[in-house]
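> There's a structure below that I have some questions on.
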Amino acid sequence: MLRILDASPAGQTAHWIGNANVQKRPLPIRCYTFRVRRLIVNADDFGLTAGVNRAILETHTGGVVSSATLMATGAAFEDALTAARSAPHLSVGCHVLLVDGTPVSPPGAVDTLLAIRSAEPDKFCSSLSAFAARAMLGGFDRDQLVAEVTAQIRRIQSAGLRVTHLDTHKHAHIFPEILAALLRAARICGVRAIRNPFVPLKAMPARQFKGQRELWKRYGQVRMLHTFSGQFLQRTKRAGLLTPDGLVGVIETGTRDGPDERSGYRSLLRQSLASLPEGTWEFVCHPGYNDDALRAAGTRLLESRVEERHLLTSTEFRQFLAEQKIRVIGYREFAEESAEKFAGTRV
């Protein structure tokens, strides 16, 4: 016996089709509100420290992390390779560094990408605002950008790992000039997917962040940068690369859970995830251990990484995703399913 749903405004009925008879009975309207939502849970900063690597592996094997992006010049790069090889179901991408850190290329070959008047002349800009100004004013040599991004991807590939996707430290590819370099490097290296760094407007209602100075500031920045989203989608599509529908976790990252549960990290994240429309989305996270190596790494995310590690391995969070009917997938699965869907629509 086959059950067919009729969601027409007039009907709202279920048809039970047997050998000869068709029966109808009313169904509650809520049966038609099911949404298909998939979530890529990606841990950034793989390779930053051994403690971050251990946390990413733990949140993958015992939690919901499905993907991670590896820093080709991270201090714990070799340790991250060992961890990645022990987790064959973890999708591993390249966390492209153009802000903070050092290049893979010889410094003289990428001189326009390096900090100006710095005590460490062989390093990238440490200031995101300075980087953004140079990116918007055309201060980077385009060929040098492509060469450095390609070198970072190649370093991971040469270690025997398949690079499933690309993203950038501090979401630098929001800026068109950086995006263009990533798209060219992706084609050169055979990478099929790239992070969509834009937060969907439905997932960041202003009322969630009012009254919290740092969150409100970050909300304003993310909202302003959203103007680049249309151009991002057009250029990515023209390049033949796959990208999710958007990103969550950007504004909430670094927020601590406190006495006011309504404004803590977990609550804000639940609100953002619950408001996601149908589609495939990415949740960016930063699990870690707050040890000496992390404190020496110069990251602002310290104790918050510990809180994220606990969340990502909690039964509570898995139950929340199940209740929301959000299915967790990795970037490898996303690319394969998207390719199959595309092939199925070809005439």
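The values are calculated or read from the model by the stated rules, or taken from the named source; none is laboratory data. Only a predicted model underlies this, so the values are computations on that prediction, with no experimental measurement involved. Don't worry about glycine lacking a Cβ; one is built from the backbone with ideal geometry, like all the others, and counts go over all protein chains shown.
> From 233, 321, 294, grab the single residue that is at pLDDT 95 or above and surrounded by fewer than 20 Cβ atoms within 10 Å (Cβ to Cβ). Quick ask: steps written out before the conclusion?
Working: 233 fails: at pLDDT 95 or above; 294 fails: surrounded by fewer than 20 Cβ atoms within 10 Å (Cβ to Cβ).
Going through 233, 321, 294 in turn, the sole match is 321.
> Yes or no: residue 188 at pLDDT 95 or above, of a type outside the set (Lys, Arg) and surrounded by fewer than 17 Cβ atoms within 10 Å (Cβ to Cβ)?
Working: at pLDDT 95 or above: yes; of a type outside the set (Lys, Arg): yes; surrounded by fewer than 17 Cβ atoms within 10 Å (Cβ to Cβ): yes.
Taking the combined requirement at face value, the residue satisfies it.
> Consider only pairs whose beta carbons are under 8 Å apart and that are at least six residues apart or on different chains; among these, list those whose first residue lies in region 246-259 and is more than 15 Å from residue 312 (Cα to Cα) and whose second residue is at pLDDT below 75 and among the aromatic types (Phe, Trp, Tyr).
Correct list of pairs: 251/209; 251/219.
> Among helices (runs of 4 or more DSSP H) lying entirely in region 248-337, which contain 3 or more residues that are hydroxyl-bearing (Ser, Thr, Tyr)? Explain how you work it out, then say what you get.
Values: elements: 265-274, 292-295, 303-312, 315-323.
Here the list reads 265-274.
> Assuming residue 312 fulfils every condition listed in (1) over 28 Å from residue 192 (Cα atoms); (2) at pLDDT 70 or above apart from one, which condition is it?
Failing condition for residue 312: (1).
> Would you be able to tell me the number of residues in region 119-149 that are crowded, with 20+ Cβ neighbours inside 10 Å and within 22 Å of the chain's Cα centre (by Cα)?
5
> Exactly one of these conditions fails for residue 48: (1) assigned to a helix (DSSP H, G or I); (2) surrounded by 24 or more Cβ atoms within 10 Å (Cβ to Cβ). Give me its number.
(1)
> Residue 334 is checked against (1) at pLDDT 95 or above; (2) buried (at least 19 other Cβ atoms within 10 Å of the Cβ); (3) in contact with a helix residue (DSSP H, G or I) (Cβ under 8 Å, 6 or more places away or on another chain) and fails just one. What number does that condition carry?
(3)
> Next question, about the same structure. Of the residues that make up region 110-118, is at least one outside any helix (DSSP H, G or I), under 22 Å from residue 293 (Cβ atoms), among the basic types (Lys, Arg) and over 21 Å from the mean Cα position of the chain (by Cα)?
Taking region 110-118 first, the residues outside any helix (DSSP H, G or I) are 114-118.
Then keep just the ones that are under 22 Å from residue 293 (Cβ atoms); that gives none.
No, region 110-118 contains no residue that is outside any helix (DSSP H, G or I), under 22 Å from residue 293 (Cβ atoms), among the basic types (Lys, Arg) and over 21 Å from the mean Cα position of the chain (by Cα).
> Among the residues of region 71-92, write down those that are in contact with a helix residue (DSSP H, G or I) (Cβ under 6 Å, 6 or more places away or on another chain), farther than 23 Å from residue 120 by Cβ and in contact (Cβ under 8 Å) with a residue 40 or more places away in the chain.
If the condition is that a residue be in contact with a helix residue (DSSP H, G or I) (Cβ under 6 Å, 6 or more places away or on another chain), farther than 23 Å from residue 120 by Cβ and in contact (Cβ under 8 Å) with a residue 40 or more places away in the chain, then 90, 91, 92 are the ones that fit.
> Using beta carbons and a limit of 8 Å, which pairs, at least six apart or on different chains, have the first residue in region 323-343 and under 16 Å from residue 64 (Cβ atoms) and the second one modelled with pLDDT of 95 or more and loosely packed, with under 12 Cβ neighbours inside 10 Å?
330/89
> Out of all the residues in region 80-100, which are closer than 22 Å to residue 289 by Cα and surrounded by fewer than 18 Cβ atoms within 10 Å (Cβ to Cβ)?
Matches in region 80-100: 82, 85, 86, 87.
> Scan region 125-132 and give yes if some residue there is touching a Cys at 6+ places or on another chain (Cβ under 9 Å) and at negative phi, otherwise no. Break it down into steps so the answer makes sense when it comes.
So the first thing to find is which residues in region 125-132 are touching a Cys at 6+ places or on another chain (Cβ under 9 Å), and the list is 131.
Next, from what is left, pick out any that are at negative phi: 131.
The answer is yes, given that some residue of region 125-132 is touching a Cys at 6+ places or on another chain (Cβ under 9 Å) and at negative phi.
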